[in-house]
Amino acid sequence: MAAEAGCIRSVAFCCISKPWTRKYDELNHFLREGSTGKLALLELGVGSNAAAIIRYPFKSANEHGTGGISVVQEHGQRIAVIGATGQVGMSLSKELKKLGHKVLAISRGVSTKNRDQLDILESLGIQLYFQRDLKDVARLACALSGQDVVVVALRANVRLVLELEPPILKAAVSAKVRRFVPDEFGTHTKALDYGVGTLFDAKKNFQEQVYGSGLEWTMIFPGGIFDYFLPNLRLFDKITTFGDLRCMFPTHSIKDIGAISARAITDPRTANKAVQLYANVVNQEQLVRELKLFWPDYPFDFEYVSSETIIHLKNHGDPDRISAKGGAEPDRERHGINYANYVLCRLASLDDPDTLNANDLYPDHVYQKPEQALADPKFVFEKTQ
Ligand SMILES: NC(=O)c1ccc[n+]([C@@H]2O[C@H](COP(=O)([O-])OP(=O)(O)OC[C@H]3O[C@@H](n4cnc5c(N)ncnc54)[C@H](OP(=O)(O)O)[C@@H]3O)[C@@H](O)[C@H]2O)c1
């Protein structure tokens, strides 16, 4: 099982029941030191019903200079995705399925909005489970029984985070799932102080409940999804920029976010860790410049929302009205988000001690680049409903 420089080798493990964390650290250390692949046959416990696939570009200086292990992936885990018909949930479910996991897609029921997504999930062989009232803990616990990981990827607003996530967590504890993935998938709320915005406070408050639950947890912080963070006329009527145009932030396509999340939530290394995606780090000034270079003849209209306006609206904006096109959050919440991202420049964080950089965890992943999206007329111009 010798490994050639730069090649990706796979080693399968099966059904080892010892606690895996310490063993994993030993293995990781050994591979980083440059041993042969044989050592990968160390006892690496990976859970009750799974095999682990370990692939490593051995001693090659990969893109991010880590050498060592590229991928550790438990295989064949059972993952429940609550909100599987949504933008994050859908991408995540597809990628989990590609990795060979068994996905349970949980939805409130068939509607005109989610019918197509449910069809796609079903056509991929993903099992569907419907529960209209996610507050029914006993019923949800039955559905979650036997699952290894529960992911919440619901439309997040303060009301839903406060009302739905605590009973979902209760059901996960009662069902004895191993790992819980709370509804984050945005700004690095764990590294933020309380008081930045109402949605983030609700998410932070729920994180404390997760820590107290006794379950393993993983939080995914993907930076901004391209659709909202790259200049485009699909989700915006004008090219709209916010606050500090030089704030640096990471942004990724929904497909990349699904792919990295799928690997991260099933990875032994990310137990009780946050994972920050950090591949495309950009600022608004540069993105608008690139947009104009790709479409020099198009007469874009521009709108700028100043830091002062954001601060005013985060404190006094309408707490109930959703005015943003494609928006999920009421205006006050939305400007709390803009405040963190574009005034404080805190969309992402690599400083948090519990946060791992996805570039180090999965150096083999090739991300779509912002310029590829900006060069695509469909991405920039095609109107959505
Ligand atoms: N990083 C970013 O740029 C970014 C952007 C947007 C969102 N996010 C974050 O990503 C996470 C997932 O958001 P998303 O945009 O993927 O969600 P979404 O697509 O808006 O919704 C996900 C699913 O939630 C369910 N849902 C909708 N309204 C609900 C309600 N009132 N009660 C219960 N369930 C409801 C629906 O599933 P069913 O109808 O099938 O039940 C829907 O398909 C959130 O935490 C959000 O803050 C991040």
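The values are calculated or read from the model by the stated rules, or taken from the named source; none is laboratory data. Everything numeric here is computed off the predicted structure, so don't read it as measured data. Positions of Cβ are backbone-derived with ideal geometry, glycine not excepted, and every protein chain shown enters the neighbour counts.
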For segment 341-375, give me the residue count where each residue is under 24 Å from residue 246 (Cα atoms) and assigned to a loop (DSSP other than H, G, I, E, B). 13
Every residue from segment 226-238 that is within 17 Å of residue 310 (Cβ to Cβ) and not charged (D, E, K, R): 228, 229, 236
Failed condition for residue 272, given (1) within 16 Å of residue 374 (Cβ to Cβ); (2) of a type outside the set (Val, Ile, Thr); (3) modelled with pLDDT of 95 or more: (1)
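In segment 106-122, which residue that is closer than 21 Å to residue 253 by Cβ and not polar (S, T, N, Q) is surrounded by the most Cβ atoms within 10 Å (Cβ to Cβ)?
Taking segment 106-122 and keeping what is closer than 21 Å to residue 253 by Cβ, we get 116-117, 120-121.
If we keep only those that are not polar (S, T, N, Q) as well, we get 116, 120-121.
Values: 116: 10, 120: 14, 121: 24.
Selected residue: 121.
Scan 144, 134, 121 and give me the residue that is more than 10 Å from the ligand (Cβ to nearest atom) and modelled with pLDDT of 95 or more.
Selected residue: 144, the only one of 144, 134, 121 that is more than 10 Å from the ligand (Cβ to nearest atom) and modelled with pLDDT of 95 or more.
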Quick count over segment 128-140, residues being over 24 Å from the mean Cα position of the chain (by Cα) and not in a loop (DSSP other than H, G, I, E, B), is 3
Residues of segment 349-385 being buried (at least 17 other Cβ atoms within 10 Å of the Cβ), within 30 Å of residue 298 (Cβ to Cβ) and in contact with a Leu (Cβ under 8 Å, 6 or more places away or on another chain), in sequence order, are 370, 373, 374, 379, 380
Report every pair of residues separated by at least 6 positions or lying on different chains whose Cβ atoms are under 7 Å apart, first residue within segment 184-206 and acidic (Asp, Glu), second in a helix (DSSP H, G or I). 184/203
Note on residue 181: of the conditions (1) out of contact with any helix residue (DSSP H, G or I) (no Cβ under 9 Å at 6 or more places or on another chain); (2) within 30 Å of residue 368 (Cβ to Cβ), unmet is (1)
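Scanning for something acidic (Asp, Glu) and more than 17 Å from residue 172 (Cβ to Cβ), does segment 118-126 turn up at least one residue? Walk me through it before giving the result.
Step one: filter segment 118-126 for residues acidic (Asp, Glu), giving 119, 122.
Now drop any that are not more than 17 Å from residue 172 (Cβ to Cβ), which leaves 119, 122.
Looking for residues that are acidic (Asp, Glu) and more than 17 Å from residue 172 (Cβ to Cβ), one finds at least one in segment 118-126, hence yes.
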Sort through 215, 230, 235 and tell me the only one that's within 11 Å of the ligand (Cβ to nearest atom) and in contact with a strand residue (DSSP E or B) (Cβ under 8 Å, 6 or more places away or on another chain). 230
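Counting just the residues of segment 159-180 that are of a type in the set (Val, Ile, Thr) and within 11 Å of the ligand (Cβ to nearest atom), which one comes out surrounded by the fewest Cβ atoms within 10 Å (Cβ to Cβ)?
As a first pass, look at segment 159-180 and keep what is of a type in the set (Val, Ile, Thr): 161, 168, 173, 177.
The next check asks that each one be within 11 Å of the ligand (Cβ to nearest atom); those that pass are 161, 168.
On the way: 161: 23, 168: 25.
So, considering only residues that are of a type in the set (Val, Ile, Thr) and within 11 Å of the ligand (Cβ to nearest atom), the one surrounded by the fewest Cβ atoms within 10 Å (Cβ to Cβ) is 161.
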I need the strands (runs of 3 or more DSSP E) fully contained in segment 187-252, keeping only those with at least 2 residues that are closer than 27 Å to residue 299 by Cβ. 239-242
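Among the candidates 198, 187, which residue alone is in contact with a helix residue (DSSP H, G or I) (Cβ under 7 Å, 6 or more places away or on another chain), at pLDDT below 95 and within 14 Å of the ligand (Cβ to nearest atom)?
On the way: 187 fails: at pLDDT below 95.
Residue meeting the stated conditions: 198.
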